[in-house]
Amino acid sequence: MAYLWQYKLYMKLTTITISMICFNITPLSAQTVWTMDQCMTYAVEHSTKMQSMNIRVQQAESDYKMAKLNFLPKVNAQINGQFSWGRNIDPETNNYNNVTTFNNYYELYASLPLFDGFATLNSFKQARLARSNSETALQQSRDELAINVMQAYIDACYDYDCINLATKKLDDSNALLHKTQRLFELGEKSRPDVAQIEAQVAEDEYNLIHQRNEWQKAILKLKSLMNYIPKASTLSKEESTSDDTKEEMQNITLINPYQENRKEVDHTPLFNSGENKENVSILLASNAIRDAEYTYKIKRADLYPSLSLEGEVGTNYYKNLSQGGNTTFGQQWHNNQGEYLVLSLHIPLVSPAVWKSVKKARNDIALARISLDEKRRELEDNMSEAVMDYKGYSREYSQMEKKISSDSLAYDLSYQKYEEGILSTFDLHTASETLLQSRIKQLQIAMLLAMKQRLVEYYSGQPLIHQK
């Protein structure tokens, strides 16, 4: 039949596209086309989760810069002013008196750790790792979101192509009903034959309505994952009619994602653990081990002796406001000036809390290594499953092409027998449903094939979102 030829024609096209009209009811002249990559890119750029992750990356960069500053000496300056009245001590004689005085202190303090068990160095390395880790986590979140959008996009494509199949099935049933009614008027068909075809038309109408509802839900899910923001040019709800919606659906360009020029995966080697390190999930698990090791070294540094150098320069000014006659500010600034330099050695002897924290940090390293092994095993399984599924779906698709060809031929012969009056409407309906289910099954396999192909490419090291 002509329908089968048309169906095979569009099944051989090689790109996935979805019209902008999926997201807005816009005039036909304003329609644009959205590819699956464009939908994934839009989702990544407008996701609130990605915005939060970007802020975390900036915070990790700030923490890294602060960790570098810890190598510099800490310098503090302090100025105090103090009024005293009533009974107090004269700083010149150390005797109690009852006067009003003013004291002014100036201090400049600096400290530099000379050795702290390499805690500062390891904290710097940990901050540098955290900065790199935040970017890796951002990429992982992008990939996870892109995979979810890809799945939702393929579901929308599948639902829309099912609408096309259901529409064609309804058109064929209406044509058959019209012809059966004419044959009934000529006395060649009975009333039950007409009733049977009318029931088939009603069933096809229901299937079309149901499939349109499924498609609308799929589009809603896709928009939600993309965090899509409608444009201001969108028509109002009052301007959108059922005819507009029908025209909208007819103008969507959705093409089966099955690609003839796809790469041959029969010779694609399965991935080994050495190659898995480039995957973001493996990188995150490996970085978790390094982070645990840095934490262990920092905790262990509390068990080592620490050596620091401290120095201070200070002076003060004193004035008796009750008696007067004090020396000038400049003289006191110079005369009261003092400096000191301290080399401090701290030796921890008994620190049960520190021992406990060190032991816990060491256990965290072991747990992180176990987690890495689990991630590698999980990734290995996912890679193998994606390759095997792709090979299997490819063979299933080819087999379904043969089945559709046979089912189409069987339906044509059944239709001829029905016209000749030697086949019941029930048998014709059965042949028609068998052909429809085969086409739907092939469509489902094609969508799964597209999904698995992108996953195989992703696991092979290619970017999930192909930028043009």
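The values are calculated or read from the model by the stated rules, or taken from the named source; none is laboratory data. Owing to the predicted nature of the structure, the values given are computational and were not obtained by experimental measurement. Reconstructed Cβ throughout: ideal geometry from the backbone, glycine too, with neighbour counts over all protein chains shown. Quick note on the areas: whole protein, heavy atoms, side chains included, nothing else; ligands and nucleic acids left out. Shrake-Rupley method; radii C 1.70, N 1.55, O 1.52, S 1.80 Å.
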- How much length, in nm to one decimal, is gained on full extension between GLU312 and LEU409, taken as 0.36 nm per residue of separation minus their Cα-Cα distance? 25.0 nm
- Dividing the convex hull volume of the Cα atoms of the range 127-202 by its residue count, what figure in Å³ per residue is obtained? 61
- The answer for VAL33, listing residues at least 5 apart or on another chain whose modeled amide H is closer than 5 Å to its amide H, is MET20
- Note on the structure: The ³J(HN,Hα) series, computed from each phi in the range 168-177 with the Karplus coefficients 6.51, -1.76 and 1.60 at θ = phi - 60°, rounded to the nearest Hz and given as x for glycine or proline, is 5, 5, 5, 4, 5, 5, 5, 5, 5, 5
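Over the range 38-162, what is the relative contact order in percent, taking alpha-carbon pairs closer than 8 angstrom and at least six residues apart?
Numbers: 110 pairs, mean separation 44.5, N = 125.
Once normalised by length, the contact order is 36 percent.
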- Query: In sequence order, what are the phi-derived ³J(HN,Hα) couplings for the range 182-189 according to the Karplus relation 6.51 cos²θ - 1.76 cosθ + 1.60 with θ = phi - 60°, rounded to whole Hz, with x for glycine and proline?
  - Reply: 5, 5, 5, 5, 7, x, 8, 10
- Message: Quick check: from the Cα gyration tensor, does the range 98-153 come out rounded (a/c under 1.5), prolate or oblate?
- Response: oblate
- P(r) for the range 63-141: what percent of alpha-carbon pairs falls in each 10 Å bin, starting at zero? 14, 23, 17, 14, 15, 10, 5, 1
- Express in Å², to the nearest 10, the accessible area of ILE79 obtained by rolling a 1.4 Å probe over the protein heavy atoms while all chains stay in place. 120
- Message: Please list 3J(HN,Hα) in residue order for the range 52-59, calculated via the Karplus relation 6.51 cos²θ - 1.76 cosθ + 1.60 where θ = phi - 60°; whole Hz, with x for glycine and proline.
- Response: 5, 5, 5, 5, 5, 5, 5, 5
- Can you give the Rg to Rh ratio of the range 134-173, both from alpha-carbon atoms, with Rh computed by the Kirkwood formula? 1.42
- Residue list for the range 298-328, given a label point 7 angstrom along the Cα-to-Cβ vector of ASN98 and an amide N cut-off under 19 Å: 320-324
- With every protein chain left in place, what is the accessible area of TYR96 in Å² (1.4 Å probe, nearest 10)? 150
- Query: What relative contact order, as a whole-number percentage, does the range 289-407 give when Cα pairs under 8 Å and 6 or more residues apart are counted?
  - Reply: 33
- Task: Multiply the residue gap between ASN335 and GLU61 by 0.36 nm, knock off their C-alpha separation, and tell me the result in nm, one decimal place.
- Result: 93.9 nm
- Amide H partners (placed H, <5 Å) of SER424, local residues excluded: none
- Item | Total lysine pairs whose alpha carbons fall under 14 Å of each other in the range 288-443 (8 or more apart, or interchain) | 8
- Message: Suppose R0 equals 45 Å. What FRET efficiency, 1/(1 + (r/R0)^6) with r the Cβ-Cβ distance, do GLN78 and GLU378 give to the nearest 0.05?
- Response: 0.20
- Item | Size-normalised alpha-carbon gyration radius of the range 424-468, reference 2.2 N^0.38 Å | 1.94
